[in-house]
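Here's the structure, in structure tokens; my notes come after.
The values are calculated or read from the model by the stated rules, or taken from the named source; none is laboratory data. If you're wondering where the values come from, they're calculated on a predicted model, not measured in any experiment. Quick reminder, even Gly has a Cβ in these numbers, built from the backbone with ideal geometry, and neighbours come from all protein chains shown. What goes into the accessible areas is simple: the full protein's heavy atoms, side chains included, and nothing from ligands, DNA or RNA. Shrake-Rupley method; radii C 1.70, N 1.55, O 1.52, S 1.80 Å.
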Amino acid sequence: MATAVANTEAREYWTARAAGWLEDQDALEIFGGAPGEAAIEALAPQPGERILDIGCGGGATSLALAGRVAPRGSVVGVDISPGMVAGAQARAAASGAGSVSFVVGDAQVEDLGAGAFQAAYSRFGVMFFADPVAAFANIHRCLAPAGRLSFCCWQGPASNEWMTLPTVVARGVLGMAPPQPDPGEPGPFSFADPGRIREILEGAGFQDVDVALHNDTVALSEGDVATRARVALRQGLVAELLKEVSDETRDQVVAALQEAMRSRMVGGVSDFSRGYLVVTARA
């Protein structure tokens, strides 16, 4: 049973955006798929284990984990958004997977069962906690002795052009200055500092914390550029900026974004930097 929902803003944000996120989740795999797979490899799930998937979203990572712990293991996906959980349940039902289940809950305060899991995992689902030390302490409690933790999170804005370019372009069209994110505030870049990650996890009771930096590029084709521009209007900071603008202004942002992305094309491909961290620890 949950106590109080501590992450009220996160719950409202992801609940309002669940339908659009689920519709765009396959298009977003080009950015988040490889980091998520790297975090699964770092976790090294074993057949028969019970694993918690934190911020499971539409359920793709839960199903991937379920395949690794089959046939006797199981996966529980938890997400703060009821819409996300409904989407994950539908995806699991369509796949025929029987070893995965989903619950609506705030991992910062939800009673996940003391020592109930051999491992906990997250793909970009841990950067939005209002109190990250409390959240990871709660996750620590649900892990068996020597239980494992693995998650991926984003490096800073300068290492993630694929994410920051749409925001910079949109703010330029709107006549706004570039954003200055607060690294301590919940958000996509809140875990960009490895030192902060170690401090949070050790404060929550974890040990053997390891933070591995990964830097590569995401190559977008002409078709990917159009898709990315469309998705940018519906997700994240750009969606927030355009909530109350006119259709004409929205069209201007789309045109400017597509032009900015196509201007980087070489041989029909635009490359954008991607920087992420794969974090592991033990309870």
How big is the shadow of the Cα convex hull of the chain, averaged over all directions, in nm²? 14.5
In whole Hz, what ³J(HN,Hα) sequence does the range 76-89 give by Karplus (6.51, -1.76, 1.60; θ = phi - 60°), x for Gly and Pro? 10, x, 10, 8, 6, 9, x, x, 4, 5, 4, x, 5, 5
Residues of the range 78-140: accessible area per residue at 1.4 Å, in Å²? 34
Specify which residue in the list Gly20, Leu65, Pro35 is farthest towards the positive end of the charge dipole of the range 12-77, using unit charges on the beta carbon of Lys, Arg (+1) and Asp, Glu (-1), about the Cα centre. Leu65
Taking θ = phi - 60°, what integer Hz values does the Karplus form 6.51 cos²θ - 1.76 cosθ + 1.60 yield along the range 246-259, in sequence order, with x for Gly and Pro? 6, 4, 5, 5, 4, 5, 5, 5, 4, 4, 5, 5, 5, 5
What is the percent carbon and sulfur in the accessible area of the range 65-169, measuring with a 1.4 Å probe over the protein chains and ignoring ligands? 58
Roughly speaking, what is the centre-to-centre gap between the range 219-259 and the range 127-186 when only Cα atoms are used, to the nearest Å? 21
Viscosity 1.567 mPa s, temperature 4 °C: Stokes-Einstein D of the range 130-234 from its Kirkwood Cα radius, in µm² per second? 79
Using the Cα centre as the reference, give the magnitude of the dipole from point charges on the C-beta atoms of the chain (Lys, Arg: +1; Asp, Glu: -1; all else neutral), rounded to the nearest 20 debye. 500
Using the alpha-carbon atoms, what tilt in degrees (0 to 90, nearest 10) does helix 8-43 show relative to the longest principal axis of the chain? 70
Quotient of Cα radius of gyration and Kirkwood radius for the range 121-162, i.e. Rg/Rh, equals 1.07
With every protein chain kept in place and ligands, DNA and RNA left out, what is the accessible area per residue of the range 27-75? Probe 1.4 Å, answer in Å². 34
List every residue whose amide H lies under 5 Å from the amide H of Ser122, counting only residues 5 or more places away in sequence or on a different chain, with H placed 1.01 Å from N in the peptide plane. Ile54, Ser150, Phe151, Cys152
Give me the extension gain from Glu244 to Arg196: residue separation times 0.36 nm, minus the current Cα-Cα distance, reported in nm with one decimal. 13.7 nm
Only Cα pairs within less than 10 Å get springs; with that Gaussian network setup on the chain, which residue of Ala260, Ala34, Ala177 has the largest fluctuation? Ala177
Mind checking the angle between helix 194-203 and the chain's longest principal axis? C-alpha axes, 0 to 90 degrees, to the nearest 10. 30
Whole-Hz Karplus couplings 3J(HN,Hα) for the range 170-177, θ = phi - 60° and coefficients 6.51, -1.76, 1.60, Gly and Pro as x, run 4, 5, x, 4, 7, x, 10, 6
If a/c stays under 1.5 just call it rounded; otherwise compare a/b with b/c (prolate if a/b is bigger, oblate if not). Do that for the range 1-158, with a ≥ b ≥ c from the square roots of the Cα gyration tensor eigenvalues. rounded
How many percent of the accessible area of the range 214-283 is carbon or sulfur, using a 1.4 Å probe? 48
